[in-house]
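The values are calculated or read from the model by the stated rules, or taken from the named source; none is laboratory data. Bear in mind the structure is a predicted one, so any value in this text is a computation, not a measurement. In this analysis, Cβ positions are derived from the backbone assuming ideal geometry, glycine residues included, and neighbour counts consider all displayed protein chains. Side chains are part of the model used for accessible areas, which takes the heavy atoms of the whole protein and leaves out ligands, DNA and RNA. Shrake-Rupley method; radii C 1.70, N 1.55, O 1.52, S 1.80 Å.
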Amino acid sequence: MGVNKEAYKSLLAAMQPSGATLIAVSKTKPSEDIQELYALGQRDFGENYVQELIKKQAELPTDIRWHFIGHLQTNKVKMIAPFVHLIHGVDSIKLLEAIDKEGRKINKKINCLLQVHVAREETKFGLDLAEARQAAAMYFLEKKYPNVALCGIMGMASFSEDQELLKKEFSDLKNIYDEIRSLYGPDASAFNTLSMGMSGDYPLALASGSNMVRVGSLLFGHRS
Ligand SMILES: *Cc1c(COP(=O)(O)O)cnc(C)c1O
């Protein structure tokens, strides 16, 4: 247990040239580990499970920016909506609608990323490219979700050592991100986040244009 401080320092150094944001993924790890990284200045933390996030949010400093990076069920949106900083895993129109509805109820514009599926694996959640385009059109053209702030794209590459495959998948994510930004121009000025890269592939993700990486095991050790 405990945080790998050397890994933290080298991660920060790797992000520095591009100014990318590091999300420390603390799922399954105790609050003490979060405190340790917090003491070093880290403020952005990522969690995958609603119950776990709620428990940690209640006992940890209030200036932590909590990122929900897991698959979110529509009936659980209300449990995290009041305090969540950014929901990365918007993987269906139904979820986007549920988030908007909850935002209206609590009078908050909720920051969201569209999760786009590019990996080969069947199991990874996400919109395909056509669905992502459709969601963006409904948001930017039809102004359908006024209580959502659509901030960008999130994606995961395949769990693979094949660098060419990873490069292709990261560039697919970068392309849809760029496409939406250019399509909606000034309206999309807040659509400025490309969340990609994890412990195993963050250098390639950064080289491919990521400006937000989500790193867990490299910082906190392997999860059981
Ligand atoms: C767990 C998780 C991460 C972090 O994975 P590591 O390989 O431990 O860095 C990043 N993103 C998502 C969506 C995750 O579920």
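Worth pointing out:
- Scanning the stretch 97-112 for residues that are outside any helix (DSSP H, G or I) and open to solvent by 70 Å² or more (accessible area, probe 1.4 Å) gives Asn107, Lys109.
- Hits in the stretch 126-145 (condition: among the hydrophobic types (A, V, I, L, M, F, W, C) and touching a helix residue (DSSP H, G or I) at 6+ places or on another chain (Cβ under 7 Å)): Leu127, Leu129, Ala132, Ala135, Ala136, Phe140
- Summed over the stretch 24-54, residues that are touching a Ser or Thr at 6+ places or on another chain (Cβ under 7 Å) and away from the ligand (no atom under 12 Å from the Cβ) total 3.
- Just one of the listed residues (Ala190, Ala137) is touching a Cys at 6+ places or on another chain (Cβ under 8 Å), surrounded by fewer than 21 Cβ atoms within 10 Å (Cβ to Cβ) and closer than 30 Å to Gly103 by Cβ, and it is Ala190.
- Consider the stretch 170-224 and keep the residues that are among the charged types (D, E, K, R), in contact with a helix residue (DSSP H, G or I) (Cβ under 7 Å, 6 or more places away or on another chain) and within 13 Å of the ligand (Cβ to nearest atom). The one that is modelled with the lowest pLDDT is Arg223.
- Elements of the type helices (runs of 4 or more DSSP H) sitting completely within the stretch 11-96 and holding at least 2 residues that are open to solvent by 10 Å² or more (accessible area, probe 1.4 Å), on the phi < 0 side of the Ramachandran plot and β-branched (Val, Ile, Thr): these cover 50-59.
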